[in-house]
Amino acid sequence: MCSNLDTDIPVALSKIKLDQLQFCKRCQGKPFVVIQRKDVFCRDCFYEYGSHKFRSTIGKTRKVKPGDRILVAFSGGAGSSAMLDMIEDGLNKSANHKKLMFSPTILYIRELNYANESDAIITQKTHKIVERLKKSCLSSMISSMEMIYQDKEKPTFVDLGDFDPLDKDCPIINDKAQSKFWSKINSLSTDTSKEDFLRISRQQLIQKVATAGNFKYIFVGNTCTKTAIQMLTDLAQGKGSQITSEHSFTDSRFNVEILKPMREFIKKEVLFWNILRGTEPVEWSTITTFKSNKASLMKLTESYINGLEHDFPATVYTIFKTGNKLKFPDPNGVICKLCKSVIDPEQRCSASNALQLSHQLSKNLDDVFINDGSDRILCYSCNNLVNEIKIDSTVSPQKLGIADYLLYD
Amino acid sequence: MPLNCARCKAARAILKRPKTRDALCKECFFHCFENEIHNTIVEGNLFKPGDKVAIGASGGKDSTVLAYIMKLLNERHNYRLNLVLLSIDEGITGYRDDSLETVKQNQKDYALPLTILSYKDLYGWSMDDIVRQIGKKNNCTFCGVFRRQALDRGAIKLGCNLIVTGHNADDIAETILMNVLRGDIARLKRCTAIKTGSGDNPEENVVPRCKPFKYTYEKEIVMYAYFKKLHYFSTECIYAPNAYRGHVRSYLKDLESIRSSAILDIIHSGEVLAVDEGIKLPVLGACERCSYISSQRICKACVMLEGLSKGLPKLGIVKSSKVKMIKREAITDGKKCDEKCCSFTCKSETDNKTNCKS
């Protein structure tokens, strides 16, 4: 989603006209970056500001204890690159109270070639990411998206040292699983549902690895900007009640809790952190990278928010803050089989009933077809997702058991 | 190849339903459209027999279809409602005077009694007067606040115990998005209610209102009016360039074009999200001056009217916390004027100041 990074930085730089009279607001030193309108930082103070914010985001929830084993999900993108750099930097600090005390392991998941890019580009990107991991002092693991369909007896991840992208015997390169994964993606009729499916799959795969490796927490590099975009997209997909679980610091819907230590950084801060520290992110192209702004709900929302942000710079913060004020759904509710969120309780006069009635009336279906709520196994939005699976026309939908609607065996 | 209707399978389809993208014939579309609204009314428990219902009528597509369908369903399903039309004349030359002609036509066509209340009568100010004072920016704030009250006053005057408005699904989805973008958590909580101002607080001095079109797509309302050949007025208000809402509107239309259920999906999100109990929300009370509901000591309409009459129209637009400051400034300006009493320079100075503020 940050694939336009190359064009973003010059634009961001050109917008900032550092006033000769403006100096770092803390030490009056040479200016390096302006965060909000008046917040000028020099290099040293920006570094302090960033690493303090990272530590305090983790620290204030008092979740992570010294020695906890943490799986750091690293995609190569701007957010997770900055996160990885901050972790490495924090572990090497000599000052005792500023030193990070947990024990992290990096997980890199190889994505598929969604945008049909040339082999040379894919090889180059993979190489760059693997080199970045080798440079790190932390232990690293590699998995790949198709591992969601890995054969039961085989491992779903390998150590960085055992990985060779050209080795056909490497357990995480599985052509059969990959073609199965592709066919599932292609069976979805819209890019919106494809992106949703990939997000759910990625989440489940990370959970699988974290559970197998017996980790206590997972770190993901979602920034404030990404959170705001994703939150509005979720709203447009009917995931209103999931916003809190999905976007607050702690996501405890799964076996292993997911924490988001980068969630208070806006994209700009992350980009400048990467410039300051000389880290070079690698953006993997998504399904919609080279498509128009109207390719998917996500892509549309991203361009919409970026546009608003230009005229109303507080947009991202406002959405983010609104999300923080919402309530967690009742944890005792029924859990969706697909995304593991709590299914919204049934109400008499509601949008979901209205939509069902519209389908029933205009297709002239029987009342029986309407769910009475007791046998619901999917949440509102996952229900939308499976409705976008192209059904083989030789099989009538009535004959399909519900098991066939599930994307995972 | 001509497509057959997905519902009756016999007639030729003439439209694709915006909500479900099913191809339907005209009769089946009418059937679906009317039944869905009937269902919303029944499931939402909107009316009880004997209610006297004021239909907020502007002459636009939503309220024209609303008046038509309310009359139709009332007779078909025997709701036993007493329906009346209620229009508000904001006093916008070249816009409202024309649209009121449409409402008068509706009155004849549907044989429903019509009452028109004007801002000029209620508040002493027409929108034309207000715009003359404050300019074209921010005038929608005045219009919106005044109309909300005006509808209530009209309904009370007519002895109605319910108001129905033509807000459709697009309007509600738009409001949800807007409240998220503005961080207005209190409104986000109440904007999805199909019926407001009823029951929770019996002291509330308002007439309950409801939105039978809550789940009805704007495009389907236009289609219905088109195929039923209903006569409506379709010009944008001449003072309307509400930039921010416009942004949200075009975003919503784009969402709808990507996934047709998006509008209802957003309403679903709005219905199920709950606000954390720890968050402080404004408490509804009554205005000290006019006793209309207000979250402040004095309601927005009274503040706005005071501003207009004192030549400080900004009073109504800025945050309520800044109102005191503006008033204080105005008083000190006045004092200065007293000190330099009778001097000519003084008079022109104060004039300048008031001009700057407006």
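The values are calculated or read from the model by the stated rules, or taken from the named source; none is laboratory data. The structure presented is a predicted model; accordingly, all values stated were derived computationally and were not measured. With ideal geometry, Cβ positions are generated from the backbone for all residues, glycine too; neighbour counts draw on all protein chains shown. Side chains are part of the model used for accessible areas, which takes the heavy atoms of the whole protein and leaves out ligands, DNA and RNA. Shrake-Rupley method; radii C 1.70, N 1.55, O 1.52, S 1.80 Å.
Restricting to the protein assembly as shown, what percent of DSSP beta bridges are antiparallel, rounded to 5?
35 percent
Cα centroids of the stretch A:191-256 and the stretch B:1-30: how far apart, whole angstrom?
Cα centroid to Cα centroid, the span is 40 Å.
Apply 1/(1 + (r/R0)^6) to the Cβ-Cβ distance of A:TYR47 and B:VAL283, taking R0 = 45 Å, and write down the FRET efficiency to the nearest 0.05.
0.50
What residues have an amide H closer than 5 Å to that of A:SER139, excluding those fewer than 5 places away on the same chain, when H is modeled at 1.01 Å from N in the peptide plane?
A:ILE106
Could you give me the percent of Cα pairs per 10 Å distance bin for the protein assembly as shown, shortest bin first, beginning at zero and ending with the bin that holds the maximum distance?
2, 12, 20, 22, 18, 14, 9, 3, 0, 0
Relative contact order, percent, of chain A when contacts are C-alpha pairs under 8 Å separated by at least 6 residues?
For chain A, the relative contact order is 17 percent.
Please build a GNM for chain A, connecting alpha carbons under 10 Å apart, and tell me which residue among A:ARG348, A:ARG62, A:ARG110 fluctuates the most.
Maximum among the listed residues: A:ARG348.
Remind me, relative contact order of the stretch B:46-272 in percent, using alpha carbon pairs under 8 angstrom and six or more residues apart?
25 percent
Roughly what would the spin-label model give for A:LYS321 and A:ASP167, points 7 Å off Cα along C-beta, in nm?
5.2 nm
Within 10 Å of each Cβ of A:343-353, how many other protein chain Cβ atoms are there on average?
For this peptide, the per-residue mean of nearby foreign Cβ atoms is 6.
Sort B:73-84, A:138-149, B:171-182 by packing, meaning the average of other beta carbons within 10 Å per residue, with the highest value first.
B:171-182, A:138-149, B:73-84
Can you pull the mean other chain C-beta count within 10 Å for peptide B:181-188?
Mean shielding count: 5.
Could I have the simple spin-label model distance between B:SER291 and B:ALA10, label points 7 Å from Cα toward Cβ, reported in nm to one decimal?
Between B:SER291 and B:ALA10, the label points sit 6.1 nm apart.
Identify the residues of the stretch A:97-114 with backbone N under 19 Å of a label point that sits 7 angstrom from the Cα of A:SER179 along the Cα-to-Cβ direction, or state none.
A:112-114
Per-residue mean of other chain beta-carbon atoms within 10 angstrom of the beta-carbon, peptide A:238-245?
6
Quote the FRET efficiency, to the nearest 0.05, computed for A:HIS127 versus B:ARG245 with a Förster distance R0 of 41 Å and r equal to the Cβ-Cβ distance.
Efficiency for this residue pair is about 0.25.
Report the calculated FRET efficiency for B:ASN82 and B:THR235 (r = Cβ-Cβ distance, R0 = 45 Å), to the nearest 0.05.
Using R0 = 45 Å, I get an efficiency of 0.90.
Please list, in chain and number order, the residues 5+ apart from B:ALA286 or on another chain whose amide H is under 5 Å from its amide H, with Hs placed from the backbone.
Long-range HN contacts for B:ALA286: B:SER294.
Which of rounded, prolate or oblate describes the stretch A:63-324 when judged by the alpha-carbon gyration tensor and an a/c cut-off of 1.5?
In terms of gyration-tensor shape, rounded.
What dipole magnitude, in Debye to the nearest 20, does the stretch B:46-202 give about its Cα centre under +1 on Lys/Arg Cβ and -1 on Asp/Glu Cβ?
Taking the Cα centre of the stretch B:46-202 as origin, the dipole is about 360 debye.
Is the shape of the stretch B:46-272 rounded, prolate or oblate, going by the alpha carbon gyration tensor and its root eigenvalues a ≥ b ≥ c, with a/c under 1.5 for rounded and a/b larger than b/c for prolate?
rounded
Starting from the stretch A:256-311, pick out the trypsin sites (Lys or Arg not before Pro) whose DSSP state is loop and whose Cβ has at most 15 other Cβ atoms within 10 Å.
Taking the stretch A:256-311 and a limit of 15 other Cβ atoms within 10 Å, the loop trypsin sites (Lys or Arg not before Pro) found are A:LYS291, A:LYS294.
Using the basic label-point model (7 angstrom from Cα toward the beta carbon), what is the A:LYS152 to B:SER309 distance in nanometres?
Using points 7 Å along Cα→Cβ, the separation is 8.2 nm.
Whenever you get a sec, compute what percent of the accessible area on the protein assembly as shown sits on carbon and sulfur atoms (1.4 Å probe).
C and S fraction of accessible area: 53 percent.
Pick from A:ILE229, A:ILE58, A:ILE129: which is most flexible by mean-square fluctuation in a GNM of chain A where alpha carbon atoms under 10 Å apart are linked?
With Cα springs under 10 Å in chain A, the top fluctuation among A:ILE229, A:ILE58, A:ILE129 is at A:ILE58.
What residues have an amide H closer than 5 Å to that of A:GLU257, excluding those fewer than 5 places away on the same chain, when H is modeled at 1.01 Å from N in the peptide plane?
For A:GLU257, the qualifying residues are A:ILE218.
From the protein chains alone at 1.4 Å, what is the descending order of accessible area for A:LYS176, A:LYS128, largest first?
Largest accessible area first, the list is A:LYS176, A:LYS128.
How far is helix A:351-363 tilted, in degrees, relative to the longest principal axis of the Cα atoms in chain A, given as a value from 0 to 90 rounded to the nearest 10?
40 degrees
What whole number of Å gives the distance from the Cα centroid of the stretch B:73-144 to the Cα centroid of the stretch A:282-304?
A separation of 44 Å, based on Cα centres.
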